[in-house]
Amino acid sequence: MKLSNFFTNPYRWLAAASLITVLSGCNNGFVYEDLAECRPDRRVRLSFTRNMAFEEKRQEEVTHAKVFAFDDEGLLADFNVSEGQNLINNDYTIPLNLEQDVNYRFITWCGSDQDAFAINADPTETMSRTDGDLDGAGSDIMEGLGATVANENGIIKTELDPIHYGNGAHAFTKMTGTEEYTIDLTKDTNTIIVYLRKVLNMNGLEVYIEDKNDELDFNNGIANEDVHIKYYPVSVETNVDCPTGDGNGGYTGEYVKGTKLVFNTSRLFDPADVGNTSNLARIVINETRPDGSKSSVLNEPLVRDILIKSKPNVMAPDGEHWTRKSDQEYLDREDTYEAVFTLEDYAMIVVHINGWRVVIQPVNIGQ
């Protein structure tokens, strides 16, 4: 056969094109399930950049993750349970068995331990797989999902394991190959360090934070506003050096002896976002008098009147500059607060929160 006849014969061209299509497989839009490279590989990636903590700290906090995928009707499509310190690596992705062109809703919780986050209606504990397929697929459980902080009769006195939450929506469009979607995570646990300057003896003083955030729903909101939770200090140190705020977001380097209390809380909420201006996250200080009666030293909205007063307009996590868009965003990106309370002549409480000065209210102690 002459070479020229090959190029001029249309049937030979068609045969050659067909051969190329078979050899290239999925790259030309034809999917052969016996070719591994043709099977769609759909994955999600977890992003921890919303949190202000450095990567070394996040690596200790996140070793377990549960990711749930729901279809556009709110039915469970698949889930994945992952563990290991590589979860925070940028190149780590989590595979899910999902369909093309379905708008999926993703919900995830991550923590430092398998028991760090107790998930309500957790399907990972009851559902199984057969040949890779989820036996419980199609369950209408999304609105029942949530995370609850362990407590005893509405009181928490122990340290909370770090918990991160994320959600998002995405439809995978590729028929073949690998496609990824990134879920941004919010840290749902906070550390609040309270210094009581000039207070060298805690006898007769009770300090706690009261909130309604022990149970969070699948949207990371408050699940039950009728339930109050009290957070007591997980540690108390007396006769410690308490810093002196300079009023401009820093400290003077001078110290005054006092008491240091460390609290752990669940996610903090901006009252303006949830339609509540007074009943969320209050810090309470009560004094028991010699006759056994109690008097209130302080009962103040923690978020509205203290924490938000210290918010900077611009913050930079891990060197990446971004501008704060809302008070809730600040609360979600920050996870450690340092509040220095000064009792000035037992007549006024002055608070320096992360170095910023806030005058709260007159108080009467021992009267």
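Once the 1.4 Å probe is applied to the protein heavy atoms, segment 150-198 comes out at 46 Å² accessible per residue.
What residues have an amide H closer than 5 Å to that of Thr63, excluding those fewer than 5 places away on the same chain, when H is modeled at 1.01 Å from N in the peptide plane? Excluding prolines and chain starts, which carry no amide H, the hits are Gly111, Ser112, Asp113.
Modelled spin-label separation between Asn120 and Lys294, with each label point placed 7 Å from Cα along the Cα-to-Cβ direction: 2.8 nm. Annotation: amide H-H contacts under 5 Å for Tyr104 (H modelled 1.01 Å from N, sequence separation of 5 or more, or interchain): His170, Ala171, Phe172.
Backbone phi angles across segment 171-177, fed through the Karplus curve with coefficients 6.51, -1.76 and 1.60 (θ = phi - 60°), yield HN-Hα couplings of 10, 7, 10, 7, 7, 9, x Hz in residue order; Gly and Pro are listed as x. A cut-off of 5 Å between modelled amide H atoms, ignoring neighbours fewer than 5 places along the same chain, links Thr189 with Ile163. So what J values fall out for segment 297-305 if you push phi through Karplus, 6.51 cos²θ - 1.76 cosθ + 1.60 with θ = phi - 60°, rounded to Hz, Gly and Pro as x? Result, rounded to whole Hz: 8, 8, 8, 10, x, 6, 6, 5, 9. Residues in segment 211-228 carry Karplus couplings, in order, of 8, 10, 10, 6, 10, 10, 8, 5, 9, 6, x, 6, 7, 9, 6, 8, 9, 9 Hz; the curve used is 6.51 cos²θ - 1.76 cosθ + 1.60 with θ = phi - 60°, and Gly or Pro positions show x.
The values are calculated or read from the model by the stated rules, or taken from the named source; none is laboratory data. It should be emphasised that the depicted structure is a prediction, and the values quoted were computed from it without experimental measurement. All Cβ positions, glycine included, derive from the backbone under ideal geometry; neighbour counts span all protein chains shown. Heavy atoms of the whole protein, side chains included, go into the accessibility calculation; ligands, DNA and RNA do not. Shrake-Rupley method; radii C 1.70, N 1.55, O 1.52, S 1.80 Å.
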